[in-house]
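Peer 1: Mind having a look at this structure? Questions to follow.
Each reported figure results from applying straightforward, stated rules to the coordinates on display, with no laboratory input. Bear in mind that the values here come from a model prediction, so they are computed numbers and not experimental data.
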Amino acid sequence: MSFRLVDEEKEAVLPRKLTAENGAKALLIGEFTETINIRCECDGDDPECDICEGEGEYVQSVPLKWTTLKAIWDKAVAGLERKGGYVVDDPTADDLK
Ligand SMILES: [Zn+2]
């Protein structure tokens, strides 16, 4: 196995998986949202509807699911991972020299 130094300006050494144990879940849950269109109960029949104002649907912001966050992460790792191993440039790590 070969190693090279990480250019910390351009790259980071990160966990392969997002887990509760490595702190990712607490860090990321609720941080990102998406908007979804929801069909209103009035179905657009009430032009004075307080919820949709007669549009028949409204937009709601919902947090990204944990499973979605993990799937995005897994895809990024699979597609962007640098093969060959890394060594962080740590001058205190004399055992690596
Ligand atoms: Zn409505």
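Peer 1: Over the chain, with a Gaussian network built from C-alpha contacts below 10 Å, which listed residue (Lys75, Lys83, Lys17) shows the highest mean-square fluctuation?
Peer 2: Ranking Lys75, Lys83, Lys17 by mean-square fluctuation puts Lys83 first.
Peer 1: Another question, if that's okay. Could you check which residue among Val62, Val87, Val77 shows the biggest mean-square fluctuation in a GNM of the chain with a 10 Å Cα cutoff?
Peer 2: Highest fluctuation among the options: Val87.
Peer 1: I've got another one for you. Between 0 and 90 degrees, rounded to the nearest ten: what's the tilt of helix 66-80 against the longest Cα principal axis of the chain?
Peer 2: The angle comes out near 40 degrees.
Peer 1: Related question: Could you work out Rg/(2.2 N^0.38 Å) for the chain, with Rg from alpha carbons only? Numbers along the way, then the final one.
Peer 2: Numbers: Rg = 22.7 Å, N = 97, 2.2 N^0.38 = 12.5 Å.
So the Cα radius of gyration is 1.82 times the expected 2.2 N^0.38 Å.
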